[in-house]
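Please read the structure below before turning to the comments.
The values are calculated or read from the model by the stated rules, or taken from the named source; none is laboratory data. No experiment lies behind these values; they were computed from the predicted model shown. Here Cβ is always computed from backbone atoms with ideal geometry, including for glycine, and neighbour counts include all displayed protein chains. SASA here: full protein model, heavy atoms, side chains in, ligands and nucleic acids out. Shrake-Rupley method; radii C 1.70, N 1.55, O 1.52, S 1.80 Å.
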Amino acid sequence: MEYINRIELQGIVGAVRSNVVQDIPVQNFSVSTEYMAKLDDGAVRCEIAWHNVVAWDKAEVVKGDAVRVVGRLRNNRYTRADGTESIYYDIIASEVEVLDR
């Protein structure tokens, strides 16, 4: 059996933070995606989700770019100051394509 951990997003770049780690450029950025759903009464509801992306040595993105990101999902655990444990998710990008500028 083959196990698959793959995610593909297409959306708009939000906040961007660039850095260099051991001579390798890395960008951490957020991507917003929308999901439109039609309710039973005919109304349309729009759900917006933000996703955290880590891109090692990939295309440079800037806030407002439309992008396509392919990668894998990674979960991280940390303990808050009040002692509760939390989990957050990152997408580790294997491909980043800027769709327009």
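Descriptive notes on the structure:
- Subset of region 20-33 [surrounded by 10 or more Cβ atoms within 10 Å (Cβ to Cβ), of a type outside the set (A, V, I, L, M) and either under 13 Å from the mean Cα position of the chain (by Cα) or not in a strand (DSSP E or B) (or both)]: Gln27, Asn28, Phe29, Ser30, Ser32, Thr33
- Candidate set from region 66-96 (those that are open to solvent by 90 Å² or more (accessible area, probe 1.4 Å) and of a type in the set (Asp, Glu)); member that is farthest from Ser30 (Cα to Cα): Asp82
- Some residue of region 35-47 being surrounded by 10 or more Cβ atoms within 10 Å (Cβ to Cβ), basic (Lys, Arg) and either at pLDDT below 95 or part of a loop (DSSP other than H, G, I, E, B) (or both): no
- Identity of the residue in region 48-62, at pLDDT 95 or above and either open to solvent by 70 Å² or more (accessible area, probe 1.4 Å) or at positive phi (or both), that ends up nearest to the chain's Cα centre (by Cα): Asn52
- Per the conditions (1) in contact with a Leu (Cβ under 6 Å, 6 or more places away or on another chain); (2) touching a residue at least 60 places away in the same chain (Cβ under 8 Å); (3) not β-branched (Val, Ile, Thr), the sole criterion not satisfied by Ala66 is (2).
- Against the criterion of being among the polar types (S, T, N, Q) and open to solvent by 100 Å² or more (accessible area, probe 1.4 Å), Gln10 qualifies.
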